[in-house]
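The values are calculated or read from the model by the stated rules, or taken from the named source; none is laboratory data. Note that this is a predicted model, so its numbers are computed, not measured. When we count neighbours, we look across all protein chains shown, and the Cβ atoms used for this are built from the backbone with ideal geometry, even at glycine. Keep in mind that these areas ignore ligands, DNA and RNA; they rest on the heavy atoms of the full protein, side chains included. Shrake-Rupley method; radii C 1.70, N 1.55, O 1.52, S 1.80 Å.
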Amino acid sequence: MTPEQRPLLSIIMPAHNEEHRLPPSLAKIDAFLASQSFSAEVIVVENGSHDRTAEVTQAFAVEHPYVKLMVVQTRGKGLAVKAGMLAAQGEYRFICDVDLSMPIEEIVKFLPPYADGYDVSIGTREGAGAQRINEPEYRHFMGRVNNWIIKLTAVRGFEDTQCGFKMFNRRSAEDLFSVQQMTGIGFDIEILFLAKKRGYTIREVPITWYFDADSRMRLVQDSLKLLREIWDIQRNWRAGVYLPVGK
């Protein structure tokens, strides 16, 4: 695909058993894109579902050909995101949770002119300008504990590495995701760890975020898994797994 043919934006949506949440979210994205002047594609990465996630995506794509379905049978959000990012054609590539807990309209904050001068823009639910709506206090507390551990052991300087909304320009996406090793929830930390090591410019984007009671995050199990994957990231770095540097 030539630069002239590339869409400006690729939206990558990892989807596991999302037959119910996916159609209304795709409709919201479609309404938003219809009001914009830039070109876009949406890649739904079906990831080992046992429901009709693939079928509802294909049904929507019949009348919306910019929507594409990828199938990754092996489970793992990181694996699904990697496949979507490397298949995407956009100059900017956005990871987007299916629940749209961040209103899709806020995606403009991640695009030029706001993104000018930055390779990576990550959504944050912390700090000035950010809002967390209806989140139980215990979940917020656990999130802050996890963030403290992440800053202590892996990636410093960011208040919300686990937010499910992140933008990469084409160069950084093709480089970082081509060497990604983590297949689970630790992929966010790994990608930011590598982005800093490789000298990419990164900014945090305050967003409005709505708590979803149907969140797939398991506080205790996923926190323990995160610790194991942080150890794996550090081990991989020491072993030279992420070489050569692609930038």
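The alpha-carbon atoms of the chain define a convex hull whose volume equals 128 cubic angstrom per residue. Which residue fluctuates the most in the chain, going by a Gaussian network model with Cα springs under 10 Å, if the choices are Gly199, Gly76, Gly164? It is Gly199. The heavy atoms of Ile43 present about 10 square angstrom of accessible area, all protein chains included, probe 1.4 Å. In this Cβ point-charge picture (+1 for Lys and Arg, -1 for Asp and Glu), the range 1-119 has a dipole of about 260 debye about its Cα centre.
Among Arg93, Arg125, Arg235, which one moves the most in a GNM of the chain with springs linking Cα atoms closer than 10 Å? Comparing Arg93, Arg125, Arg235 in a Gaussian network model of the chain, the most mobile one is Arg235. About the centre of its Cα atoms, the chain shows a dipole size close to 1020 debye [charges on the beta carbon of Lys, Arg (+1) and Asp, Glu (-1) only; nearest 20 debye].
Summing +1 for each Lys or Arg and -1 for each Asp or Glu among the other residues whose beta-carbon sits under 12 angstrom from that of Leu86 gives +1. Computed over the range 114-232, the P(r) curve from all C-alpha pair distances, binned at 10 Å from the origin, holds 12, 45, 35, 8 percent per bin.
Note on Arg235 and Leu86: with the Förster distance fixed at 30 Å, the Cβ-Cβ geometry gives a FRET efficiency of about 0.80. Given a 1.4 Å probe and the protein chains as shown, Arg139 ends up with an accessible area of around 40 Å². Placing unit charges on each Cβ (+1 for Lys and Arg, -1 for Asp and Glu) gives the chain a dipole about its Cα centre, and among Val241, Pro103, Ile191 the Cα reaching farthest toward its positive end belongs to Val241. Applying a threshold of 21 Å to the alpha-carbon distances of Lys82/Lys151; Lys151/Lys225; Lys82/Lys166; Lys82/Lys109; Lys28/Lys82; Lys166/Lys197 flags Lys82/Lys151; Lys82/Lys109; Lys28/Lys82 as lying beyond it.
Accessible surface computed residue by residue for the range 132-247, with neighbouring protein chains in place and a 1.4 Å probe, gives 50 Å² per residue. Ranked from largest to smallest solvent-accessible area, with a 1.4 Å probe on the protein heavy atoms, Val155, Val62, Val241 come out as Val62, Val241, Val155. Heavy-atom accessible area for Lys225, with the other protein chains in place and a 1.4 Å probe, reaches approximately 70 Å².
Springs between Cα atoms under 10 Å define the GNM used for the chain, and in it the highest mean-square fluctuation of Val98, Val42, Val71 occurs at Val71. Computed extension gain for Gln73 through Ala31, at 0.36 nm per residue and net of the alpha carbon distance, reaches 12.1 nm. Distance between the modelled labels on Arg171 and Phe38, one decimal in nanometres: 1.7 nm (7 Å Cα→Cβ projection).
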